[in-house]
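Colleague: Below you'll find the structure I mean.
Read the figures in this text as sums done on the coordinates, not as results from a lab. Everything quoted here is computed from the prediction, not taken from an experiment. A quick note on method: Cβ atoms are made from the backbone with ideal geometry, for glycine too, and the neighbour counts reach across all protein chains shown.
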Amino acid sequence: MDIRRIINENQNIPYMVRNIARSPDEAFPTLTAKIKLTWRCNLRCRFCGLWRYSEANDGPDAITLELVKSILTVLAGRGLRKIHFSGGEVTLREDLEEIVRFACGLGLQVNLTTNGTLVDKRTARFLVEHRVHTVVFSVDEARPRRHDALRGVAGAWKRTWRGIRRMQARREAKGRGPKIAVNTVLTRHNIDHLPDLFEMLQDNGIDSWRLLPVRTADPEMRPTAEQWARLGPRISRWAPLVGRRILDLTCAGNPELAAKGLYADRGEALTCLAPWFSVFVDADGNVLPCCTGRKRIPAYGNVTRQPLEAILSSRIRRELCASFASGHLFEVCRSCDEFLQENSLLSAAAVFASDSRAGPQTLPRSPGE
């Protein structure tokens, strides 16, 4: 989702952002949403507890096909531009093709994240034919053994790259197809090996690379302040492959805070507009502004028990928006890097916006952007 283009196309958005502090109930388009389709996963990642949750709660997926369609229909009516499907492992959903087909039929930008180990030729063909925008694969290391050690299953690296190559081959044969991106979870065990991974991704035609700071209560899994500080100067050299902003590691104090699992950028005021432009639905049906807040901030409601329209106008959501508008965020927000880029651009657009008598404005690009 090109948030800059959306802002420039919709001249009302900057004024909506400016009005939020005075009127938290300000109508605002839901620009992006994420739905976790399942908790199930075929890997056993050391830094992720979702597969453990799935094993402890064995049963059918709570988010049914019809429920997914209902959610997407409601959000499309609220201006949704992008839907991101994740898990668990999304390819374990037997109805994934029907879900993607429905979302594409609504004209949405469809992204999905997969570990790639189950992407066969049929899946690759389907995702290319249905014009999925981005398929994100999880790759943590350039070396197979190190990757597999983090992902908890021998042979995972080999199967993931086989899935990536199937997607690339099908895209080349068709002459078009999804962007192929890679997510890398940054842990103490792989952060110093990122230069090797960068070279590998670049040499193998990956379109985009997103670096995700690990979210864990285990301090031994988090990189040290020294490791974060060493990473900072490297990131600019990896542009444009690293196409998405992460926290500014050159800002004083940020590496030390990152070592504690606090990833919100200290280089600017801690603000978040996610309650207005984003919706997240977890695999149990709980609705929140973003995935970082799961179990850490109150859910607006649950789509398996209430209509989404009612949830998005609920007292809990209104109170949460009022709290965020007044600058009172939750403690978990200090560990969130989910929407750094979107928040920065929306805030800049609000500052840049002229008064209502002025003509159309175009948000300028930052130096080096």
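Colleague: Would you mind getting me the FRET efficiency between D95 and I316? Use the beta-carbon distance for r and R0 = 22 Å, nearest 0.05.
Modeller: Details: r = 30 Å, r/R0 = 1.37.
Between D95 and I316 the formula returns 0.15.
Colleague: Enumerate the calculated ³J(HN,Hα) couplings along segment 136-146 in order (Karplus 6.51 cos²θ - 1.76 cosθ + 1.60, θ = phi - 60°), each rounded to whole Hz, writing x wherever the residue is Gly or Pro.
Modeller: 9, 9, 9, 9, 10, 8, 7, 9, x, 4, 5
Colleague: Would you mind checking K121/K179; K69/K158; K158/K295; K82/K260; K69/K295; K34/K121 for any pair whose Cα atoms are more than 28 angstrom apart? Before the final figure, lay out the partial values.
Modeller: Numbers: K121/K179 17 Å; K69/K158 34 Å; K158/K295 34 Å; K82/K260 32 Å; K69/K295 25 Å; K34/K121 26 Å.
Long pairs (Cα-Cα over 28 Å): K69/K158; K158/K295; K82/K260.
Colleague: Next question. Using θ = phi - 60° and the Karplus relation 6.51 cos²θ - 1.76 cosθ + 1.60, list the HN-Hα couplings for segment 150-166 in order, rounded to whole Hz, with x at every Gly or Pro.
Modeller: Per-residue couplings from phi come out as 6, 8, x, 9, 5, x, 4, 4, 4, 6, 5, 5, 5, x, 4, 5, 5 Hz.
Colleague: Taking amide H atoms as placed 1.01 Å from N in the peptide plane, list the residues 5 or more away in sequence, or in a different chain, whose amide H sits under 5 Å from that of K34.
Modeller: Here H84, V279, F280, V281 satisfy the definition.
Colleague: Quick one: if you stick a label point 7 Å off each Cα along the C-beta vector at N12 and D58, how many nm between them?
Modeller: Reported label-point gap for N12 and D58 is 5.1 nm.
Colleague: What does the charge add up to near A149, with Lys and Arg as +1, Asp and Glu as -1, over the other residues with Cβ less than 13 Å from its Cβ? Present the calculation step by step, with values, prior to reporting the outcome.
Modeller: Values: positive: R44, R46, R143, R145, R146, R151, R188; negative: D140, E141, D148.
Result for the neighbourhood of A149: +4.
Colleague: Let me ask something else. Can you give the extra length, in nm with one decimal, that the chain gains between A27 and E309 once fully stretched, where that is 0.36 nm per residue apart less the Cα-Cα distance?
Modeller: Working: separation 282, 0.36 × 282 = 101.52 nm, distance 1.36 nm.
In short, 100.2 nm is gained.
Colleague: Separate question: Arranged from highest to lowest average of other beta-carbon atoms within 10 Å per residue, in what order do the peptides 80-89, 114-123 appear? All intermediate terms of the calculation are to be shown ahead of the outcome.
Modeller: Details: 80-89: 22.9, 114-123: 19.2.
Taking the mean over residues of other Cβ atoms within 10 Å, the ranking is 80-89, 114-123.
Colleague: Right, another one. When all alpha-carbon pairs of the chain are counted, what percent fall beyond 28 Å?
Modeller: Counting pairs separated by more than 28 Å, the tail of P(r) holds 46 percent.
Colleague: If you count the DSSP beta bridges with both ends in the chain, what percent of them are antiparallel, to the nearest 5? Please report the intermediate quantities before stating the final value.
Modeller: Values: 4 of 32 bridges.
In the chain, DSSP labels about 10 percent of beta bridges as antiparallel.
Colleague: A follow-up question, please. So, by mean Cβ neighbours within 10 angstrom, what's the order for 318-328, 297-307 with the highest one leading?
Modeller: Numbers: 318-328: 15.9, 297-307: 17.5.
Put in order of decreasing packing, that is 297-307, 318-328.
Colleague: Do any GluC sites (Glu not before Pro) in segment 216-258 lie in a loop, going by DSSP, with at most 14 other beta-carbon atoms within 10 Å of their beta carbon, and if so which? Don't jump to the answer; show the numbers that get you there.
Modeller: Details: sites: E220, E226, E256; in loops: E220.
Of the GluC sites (Glu not before Pro), the ones in loops of segment 216-258 whose Cβ has at most 14 other Cβ atoms within 10 Å are E220.
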